[in-house]
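Worksheet: the structure to be examined is printed underneath.
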Amino acid sequence: MSEKVLAAVKVGPSTTELRELELPPVPDDAALMKVEVAGVCGTDVTQYRLPLRNGPLVMGHENVGYLARVGKTFAAHNGMREGDLVFLEHYLPCGHCEWDHLGEYRHCPATEWFYDPGAIRYGYTSMAIAPGLWGGFSHYVYLPLNAVLHKVPEGLTPEEAGVATPMSNGIQWALIDGGVGYATTVLIQGPGQQGLCCLMASKHAGADLVIMTGTSKDARRLEVARAFGADHVIDVEAEDPLERILTITGGRGVDVVIDCTVGGGTAPTLLGIEALKRRAGTMVVQGEGNQEFPSFPIGRLTRKAITLKSARGHSYRAVELALQQLAAHRFPLEMMMTHTFGLAEVDYAIKSVGGQGAPGAIHVSVLPWR
Ligand SMILES: [Zn+2]
Ligand SMILES: [Zn+2]
């Protein structure tokens, strides 16, 4: 007798249908994860609006759950067993390239879903690739042998562990890429979940001074930033951010700038270049899709000897550090975990992250079994 799985399936641009799918058989070298929490992020908002690339798919790439059925080979290979609470990386690496040996699955060609239609990443992969359960907005996801799992430490609830994705990005971008550490001064632009996680990572690592910027509609998020330890918050629509940053730093500027804005255009990069200290600061940038940048001040950048880095996902190590940091329960995370939705509300959950659903959303989770 076949078993069924309930999943929210994206069937077109901004369109989701609840569907019953076949629960696939689990061979020795695979497993199933019962999804407890699937986080929704800004990437989902952008992706959701786009046309299908290769047929319907199950979205949801920030997944935490219990191993439900575990094949023998899978268990031996991953050191896991049924009942383990795990965080699943959305990268499904080839396992043998130079990047995978470094835990840098984000750079593995096999995870390059944007250019390679055969590549698999959780939350972005068509159901046309068997067995189709490649997203967390579903009761179960399918785990082949090369799935990358992290055990969730004791004392963390699945919902808290659901913050591991933005937190691992925060650790990657602020600490590993930006070099934030003891006594560093940092400017974080954009107080969404990514910005807030960069803030927590920076404070946890001993940053001396963290300044967070936002716009007028971010008033609540800037309050949360304060509660997470931001030393100063700036509404860039209400005052001149550069002037304020220079006043705060006694004219010196900051050591590190991290851009976590969405839809900010070129302004955050331009502010970052000016807000950095006189020489040898570091700026970690996002860059949006097809954004053009006329008159990019390359001369100003090189004269200040600025190091420019790209914020692009996270390494294995960043996830491990994120789970440890979350387990320390240092920050009032509940202020950030604003909304949870069931499977039938996936459409609304994504729209809420995009500012067009439930008001006040910061970190939004889908709980498929609710
Ligand atoms: Zn994400
Ligand atoms: Zn690889």
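Normalising the Debye intensity of region 156-255 to I(0), with uniform scatterers on Cα atoms only, and taking log10 at q = 0.17 Å⁻¹ returns -0.72.
Spacing of the modelled spin labels on Y66 and S14, each 7 Å from Cα toward Cβ, amounts to 3.8 nm.
In sequence order, region 10-17 has phi-based couplings of 6, 10, x, x, 6, 9, 10, 10 Hz under the Karplus curve 6.51 cos²θ - 1.76 cosθ + 1.60, θ = phi - 60°, and Gly or Pro positions carry x. Treating r as the C-beta distance of L145 and E82 and R0 as 25 Å, the FRET efficiency rounds to 0.95. With each label modelled as a point 7 angstrom along the Cα→C-beta vector, the Y182-L270 pair spans 3.9 nm. The helix-based estimate of mean residue ellipticity at 222 nm for the chain, built from -39,500 (n - 2.57) per DSSP H run of four or more residues and divided by its residue count, is -6500 deg cm²/dmol to the nearest 500. Scanning the chain for chymotrypsin sites (Phe, Trp or Tyr not before Pro) in DSSP loops with at most 10 neighbouring Cβ atoms within 10 Å leaves 183-370 as the longest stretch between them. Distance from the C-alpha centroid of region 189-266 to that of region 1-49: 35 Å, rounded to the whole angstrom.
Model label sites at R370 and E237, defined 7 Å from Cα along the beta-carbon direction, differ in position by 2.9 nm. Note on the chain: GNM, Cα springs under 10 Å; of V186, V152, V45, the largest mean-square fluctuation is that of V45. Rounded to whole numbers, the Karplus 3J(HN,Hα) couplings from phi for region 36-51 are 8, 9, 10, x, 10, 10, x, 4, 4, 4, 5, 5, 4, 6, 6, x Hz, using 6.51 cos²θ - 1.76 cosθ + 1.60 with θ = phi - 60°, and x at Gly and Pro. Average 1/r across all pairs of distinct alpha carbons in region 208-304, invert it, and you get the Kirkwood radius: 14.2 Å.
To the nearest 0.05, how large is the calculated FRET efficiency for A280 and L50 if R₀ is 41 Å and r is the Cβ-Cβ distance?
Values: r = 39 Å, r/R0 = 0.96.
The formula returns an efficiency of 0.55 here.
Annotation note: trypsin sites (Lys or Arg not before Pro) in region 264-313 located in DSSP loop regions with a Cβ neighbour count of at most 11 within 10 Å are R278, R279.
Nearest-5 percent of antiparallel DSSP beta bridges in the chain? Walk me through the intermediate numbers first.
Numbers: 35 of 60 bridges.
Taking every DSSP beta bridge with both residues in the chain, the antiparallel ones total about 60 percent.
On full extension, the segment bounded by T302 and I129 gains 57.7 nm, given 0.36 nm per residue less the C-alpha separation.
Rolling a 1.4 Å probe over the heavy atoms of the protein chains gives the chain an accessible area of 42 Å² per residue.
Provide the convex hull volume over Cα atoms per residue for the chain, in Å³. Display every interim value, and only then the final one.
Values: hull volume 49.3 nm³, N = 370.
About 133 Å³ per residue, rounded to a whole number.
Taking every Cα-Cα distance in region 236-282 and sorting them into 10 Å bins starting at zero, the pair-distance distribution P(r) comes out as 27, 57, 16 percent. Between the amide H of G281 and those of T307, distances stay under 5 Å, these residues lying 5 or more places away or on another chain, with hydrogens modeled in the peptide plane. Annotation note: GluC sites (Glu not before Pro) in region 102-180 located in DSSP loop regions with a Cβ neighbour count of at most 11 within 10 Å are E154. With θ taken as phi - 60° and the Karplus curve 6.51 cos²θ - 1.76 cosθ + 1.60 applied, the whole-hertz 3J(HN,Hα) list for region 100-117 is 5, 5, 9, x, 9, 4, 4, 9, 5, x, 5, 9, 7, 4, 5, 9, 10, x Hz, x standing for glycine and proline.
Give a quick list of trypsin sites (Lys or Arg not before Pro) in region 7-57 that DSSP marks as loop, anything other than H, G, I, E or B, with at most 15 other Cβ atoms within 10 Å. If you can, show how the numbers build up before the last one.
Numbers: sites: K10, R19, K34, R49, R53; in loops: R53.
Those that pass, being in a loop and sparsely packed, are R53.
Express the carbon and sulfur contribution to the solvent-accessible surface of the chain as a percent, rounded to the nearest whole number, probe 1.4 angstrom.
Working: 8140 of 15670 Å².
Ligands and nucleic acids excluded, carbon and sulfur give 52 percent.
In this structure, the amide hydrogen of S138, modeled 1.01 Å from its nitrogen in the peptide plane, lies closer than 5 angstrom to those of A8, counting only residues at least 5 positions away or on a different chain.
The values are calculated or read from the model by the stated rules, or taken from the named source; none is laboratory data. Note that the structure is a prediction, hence the values are computed from the model and not measured. Positions of Cβ are generated from backbone atoms using ideal geometry, with glycine treated the same way; all protein chains shown enter the neighbour counts. In case anyone asks, the SASA skips ligands and DNA or RNA and just uses the protein heavy atoms, side chains included. Shrake-Rupley method; radii C 1.70, N 1.55, O 1.52, S 1.80 Å.
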